[in-house]
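Single-structure report; data block below.
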């Protein structure tokens, strides 16, 4: 399961230690694990993306 986030800072990110790093641009949407989303949100690098009814977007 992954959740959709929107980056609020351009930077180099990776969801898992074994994945290659990739550049993400401010405003870009990306599906990440809930734990990684929480880390990015806590560090003010991303925000949770919600749909029109303010529900969390979950990707299976």
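If you go through region 45-60 and keep only what is closer than 16 Å to residue 10 by Cβ and part of a loop (DSSP other than H, G, I, E, B), you end up with just 45. Screening residue 43 on (1) at pLDDT 95 or above; (2) in contact with a strand residue (DSSP E or B) (Cβ under 9 Å, 6 or more places away or on another chain) shows it passes everything except condition (2).
Each residue in region 1-10 was checked for being modelled with pLDDT of 95 or more and either loosely packed, with under 12 Cβ neighbours inside 10 Å or more than 19 Å from residue 58 (Cα to Cα) (or both), and 3 of them qualify. The residues in region 2-44 that are touching a residue at least 12 places away in the same chain (Cβ under 8 Å), under 25 Å from residue 55 (Cβ atoms) and not in a loop (DSSP other than H, G, I, E, B) can be counted, and the count is 17. Restricting region 28-46 to residues that are more than 14 Å from residue 58 (Cβ to Cβ) and touching a helix residue (DSSP H, G or I) at 6+ places or on another chain (Cβ under 9 Å) leaves a set whose member that is surrounded by the most Cβ atoms within 10 Å (Cβ to Cβ) is 46.
The values are calculated or read from the model by the stated rules, or taken from the named source; none is laboratory data. Treat the numbers as computed from the prediction; the structure is a model and nothing was measured. Please note: Cβ atoms are built from the backbone with ideal geometry, for glycine as well, and neighbour counts cover all protein chains shown.
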